[in-house]
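The block underneath contains the structure these notes are about, expressed in structure tokens.
The values are calculated or read from the model by the stated rules, or taken from the named source; none is laboratory data. Being a predicted model, the structure only gives us computed values, none of them experimental. Here the Cβ is made from the backbone with ideal geometry for all residues, glycine too, and neighbour counts use every protein chain on show.
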Amino acid sequence: MDGSDQGLECLRLLNEIIADFDELLKEDRFRGIDKIKTVGSTYMAVVGLIPEYKIQPNDPNSVRRHMTALIEYVKAMRHSLQEINSHSYNNFMLRVGKSAFN
């Protein structure tokens, strides 16, 4: 393959990964999670900002439900990425971080 074919394949795989992550958000259990944007290979999603699913800070069950959904989403993302890796002979890895808004 020449350089441009490898670049196109890389973009195709990145698009597949992002599409799979977006598809996960359609599941009912992830309805409180909102995709903010993608920038390059960075996929940004948050929990608790959608008005009808806002976190109620004084309700420990609300916080627990939202954090559990987010953890389950990360697990689903990792599983999806493992599937892509197994079919494409790659070793993409998922890094997860957090940010706190006041």
Does any residue of the range 49-65 turn out to be out of contact with any Leu (no Cβ under 7 Å at 6 or more places or on another chain), of a type in the set (Asp, Glu) and at pLDDT 90 or above?
no
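Residues checked against (1) at pLDDT 85 or above; (2) exposed (fewer than 12 other Cβ atoms within 10 Å of the Cβ); (3) not basic (Lys, Arg):
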| residue | (1), (2), (3) |
| --- | --- |
| Cys10 | no, no, yes |
| Asn15 | yes, yes, yes |
| Ile18 | yes, no, yes |
| Asp22 | yes, no, yes |
| Glu27 | yes, no, yes |
| Val47 | yes, no, yes |
Tally time: how many residues in the range 19-36 are closer than 19 Å to Ala69 by Cα and out of contact with any helix residue (DSSP H, G or I) (no Cβ under 7 Å at 6 or more places or on another chain)?
8
Filter result (over 19 Å from the mean Cα position of the chain (by Cα) and either surrounded by 12 or more Cβ atoms within 10 Å (Cβ to Cβ) or not in a helix (DSSP H, G or I) (or both)) within the range 64-90
Ser88, Tyr89
